[in-house]
Amino acid sequence: MHKYSKNLNKVIYRASIVNPINSSRCSFYKDGGLLIDNGVIEEVNCFDNVLKNASPDVPVIELNGVISPGFVDVHLHWVQYKVKGLYSGELLTWLRESIWPEESHYVDVELATSAARNFYDDLLRAGTVMGLSYSSPHAHATQIAIDLMRGDWVVGNVLMGINAPNYLTDFSLHDSDTLKAFMSNIDLRHYAVTPRFAPNLSQFQLKALGEIAIDSGVIIQTHLAESREEVEWVRKLFPEADNYTDVYDRAGLLGRKTVLGHCIEMSDSEWRCLAERGCWVAHCPTSNEALGNRRMPLEKLREYNIPYALATDIGAGPSHSMLHVLQRFLSLHRDAGVNIDHEDALYRATLAGAEAMGRGLIAGNLCAGKRADFILLPGMGPRDHWAGWLEDCISGSMSELETRPLGTWLGGKKVS
Ligand SMILES: [Zn+2]
């Protein structure tokens, strides 16, 4: 009796399995088995081996498709989800005329609550199970995004004290004492100190935020060098700094827990600085394309060995689908003559993101001891190699890709 009851929470899923291991390796099992015990992965292998090692009373569920780890999106603005892809144009005009007015609506608790529910539902449907998210400046909107989260998210209210409309800056918590008080009531595993970008804070304010982030050990997320106009503005606002990156470096905001969105208009000394500090880059190819920014120089990231992960950057990015991001990521860089292996691409949309969030040991791919967050994608048909299957999986229109996953599981439980 005892022998049977201890296996009550175990289950084996049988399907093809792709499992990114690092930027150059991906395991593939045509007939794979995924043994889960109480929401945690116990074994991943070919089905026969998993079955042989498991006790005979563990149920087997056959799935028709390919199991992959769920996607991780390391840069998006959940409060821009409703207007994703609706506006385009030069970054600063886009912010002032479209995005900032939209974020001001999140002063409304009911609106924020229903928007958060809708956001998490849609992301799970698209196969995204984790990520780093920017909120509006309002304290309650961040609290709502954390309280209602489905999956594993880190959220930060954007901190913006200057060079923005009062209808946003009046709600910002960038003052040190105010921010510390807010953080003392929040689960810091799910919180990131989030200066919106350098132009919205003074050097003094940025430095104070750097100190708070270091003291509390939380993730820091912000934007860096997304457009030429922005870089030029920063140069005028911070004449004492060597460059945009130096503004953050002087404030103590650059380290291994820092995730920087975009990094397009960068000099070699700035790349070197990011490498020395161990910062992560959130690469958002669909957003860069939508706002007419240049291609992010992937060659430079590689040259300086800077870690990076992929992201949608909703709402500049037109879609919340990481399959869509993968499609444009491969296409944009390949068109520029920069090759990307399939192993690398899948890693950047999954495990790399979990590593950027400091969760590489507990999530991001399918390994014993990790949380069983996975998705089911359509089957391989007659294909023998998973690389061709991945190309099939990421082809199609944006709306097709948003609903391509056949199912999403969090901690072993089917949630979409
Ligand atoms: Zn952004």
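Values quoted throughout were computed directly from the atomic coordinates according to the rules given, and no laboratory measurement underlies them. Source: prediction; values computed, not measured. Note that each Cβ is placed from the backbone with ideal geometry, even for glycine, and that neighbours are counted across all protein chains shown.
Some notes on this structure:
- Index of the failed condition, Gly261 passing every other in (1) in a helix (DSSP H, G or I); (2) surrounded by 23 or more Cβ atoms within 10 Å (Cβ to Cβ); (3) within 16 Å of the ligand (Cβ to nearest atom): (1)
A quick yes/no check of all residues on (1) of a type in the set (A, V, I, L, M); (2) within 19 Å of Thr128 (Cα to Cα):
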residue: Leu8; (1), (2): yes, no
residue: Ile17; (1), (2): yes, yes
residue: Ser27; (1), (2): no, no
residue: Val50; (1), (2): yes, no
residue: Val60; (1), (2): yes, no
residue: Ser68; (1), (2): no, yes
residue: Phe71; (1), (2): no, yes
residue: Leu76; (1), (2): yes, yes
residue: Lys82; (1), (2): no, yes
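- The criterion of at least 3 residues that are under 28 Å from Leu376 (Cβ atoms) is met, among helices (runs of 4 or more DSSP H) falling completely within the range 1-112, by 47-53.
- Residues of the range 394-416 classified as over 19 Å from the mean Cα position of the chain (by Cα) and buried (at least 23 other Cβ atoms within 10 Å of the Cβ), total: 0
- Residue match in the range 229-251 (condition: within 18 Å of Ala282 (Cβ to Cβ) and not in a helix (DSSP H, G or I)): no
- Complete set of residues in the range 205-228 that are within 16 Å of the ligand (Cβ to nearest atom) and outside any strand (DSSP E or B): Ala225, Glu226, Ser227
- The listed residue being within 16 Å of the ligand (Cβ to nearest atom) and acidic (Asp, Glu), out of Glu270, Glu299, Glu232, Glu289: Glu289
- Output for the range 362-383, where each listed residue is among the charged types (D, E, K, R) and free of Cβ contacts under 8 Å to residues at least 12 places away in the same chain: Arg383
- Of the listed requirements (1) surrounded by fewer than 16 Cβ atoms within 10 Å (Cβ to Cβ); (2) within 16 Å of the ligand (Cβ to nearest atom), Asn305 misses just one: (2).
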